[in-house]
Amino acid sequence: MKIIQNPSPNFENRPPGVSVNLLLFHYTGMKSASEAIARLCNPNSKVSAHYLIDEGGNIFSLVEENKRAWHAGVASWNDDVDINNISVGVEIANPGHEFGYSRYPERQMVAVETLSIDIIKRHSIRAARVLAHSDVSPSRKCDPGELFDWERLAAAGIGIWPKMLPVSVDFEIGSIRRCQKQLKMIGYSLKVTGVLDECTRDTILAFQRHWLPNRLTGKFDVETVWRMESLLRALE
Ligand SMILES: [Zn+2]
């Protein structure tokens, strides 16, 4: 694996005793990869990531993995509220929803696979801890988005993709409160209010972008809740 060194000044030490246990994927959401690299290396931007992968599959190292890069922002998963402390962040060049969201090219996905397998192995990151920026920050972020091929990555040993089983005829959705509890059990951070509030809708969308990308409804419909249950079973 060839890695191009392109150091960013935007990092600090990880807190003592803290080890990497989460891999977080992003898209750059900018018109070009070079523009994104410039921003991630600009001291005034105060953002960075450990790696960036451009459309051609070139891998750039911006921050050493043992340092804390600034990629997640306000984010949480399960009991962790400082995701930058515990994660490796990978930026994948894509214009994003703002500038013409498009499929991730094959060469880029091959590079994502190669790099991720290496990171996961070196840090013994569990499959359940391979996540999207939108998972840990559903109300602020939607990257890497519904075109990111999680199914393919899972087949390569990266992350979790439960089998897509048809909804059984006697399946019932349950109350909003119960569905919110299930999202929390998956790892999402949200309040169990019993109401389909904005935060809950954002969280449902984040779940769908990752695990049910053909159904971005933002609702607890039968397919979505069924899919949440299959994920929970896979996480057991
Ligand atoms: Zn992001």
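The values are calculated or read from the model by the stated rules, or taken from the named source; none is laboratory data. Because the structure is predicted, anything quoted here is derived from the model rather than measured. Note that we place each Cβ from the backbone using ideal geometry, even for glycine, and neighbour counts take in every protein chain shown. Areas reflect the complete protein model, heavy atoms only, side chains present, ligands, DNA and RNA absent. Shrake-Rupley method; radii C 1.70, N 1.55, O 1.52, S 1.80 Å.
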Test for Ile59: is it in contact (Cβ under 8 Å) with a residue 40 or more places away in the chain, farther than 21 Å from Ala127 by Cβ and open to solvent by less than 30 Å² (accessible area, probe 1.4 Å): yes
Helices (runs of 4 or more DSSP H) wholly inside segment 1-119 containing at least 1 residues that are more than 15 Å from the ligand (Cβ to nearest atom): 33-40, 83-86
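For segment 120-155, enumerate the residues that are more than 16 Å from the ligand (Cβ to nearest atom) and surrounded by fewer than 19 Cβ atoms within 10 Å (Cβ to Cβ).
Here is the first cut: in segment 120-155, the ones more than 16 Å from the ligand (Cβ to nearest atom) are 120-129, 149, 151-155.
Across segment 120-155, the qualifying residues are Lys121, Arg122, His123, Ser124, Arg126, Ala127, Ala128, Asp149, Glu151, Arg152, Ala154, Ala155.
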Pair list, Cβ < 9 Å and 6+ apart or interchain, from segment 134-152 residues that are within 22 Å of Asn84 (Cα to Cα) to residues that are acidic (Asp, Glu) and open to solvent by 60 Å² or more (accessible area, probe 1.4 Å): Ser139/Glu198
Test: Phe207 is hydrophobic (A, V, I, L, M, F, W, C), under 22 Å from Tyr101 (Cβ atoms) and part of a helix (DSSP H, G or I): yes
Leading residue by the ranking (farthest from the chain's Cα centre (by Cα)) among those in segment 192-229 that are surrounded by 17 or more Cβ atoms within 10 Å (Cβ to Cβ) and small (Gly, Ala, Ser): Gly218
Residue count, segment 157-168 (criterion: open to solvent by less than 40 Å² (accessible area, probe 1.4 Å) and either out of contact with any Leu (no Cβ under 6 Å at 6 or more places or on another chain) or more than 16 Å from Ile125 (Cα to Cα) (or both)): 3
Index of the failed condition, Ser189 passing every other in (1) buried (at least 21 other Cβ atoms within 10 Å of the Cβ); (2) in contact with a Pro (Cβ under 9 Å, 6 or more places away or on another chain): (1)
Any hit, segment 169-180, residues being surrounded by 14 or more Cβ atoms within 10 Å (Cβ to Cβ) and among the small types (Gly, Ala, Ser): no
Segment 30-55: number of residues that are in contact with an Asp or Glu (Cβ under 6 Å, 6 or more places away or on another chain) and open to solvent by 10 Å² or more (accessible area, probe 1.4 Å): 1
Among (1) touching a residue at least 12 places away in the same chain (Cβ under 8 Å); (2) open to solvent by 40 Å² or more (accessible area, probe 1.4 Å); (3) over 20 Å from Asn6 (Cβ atoms) - the single one Thr114 does not satisfy: (3)
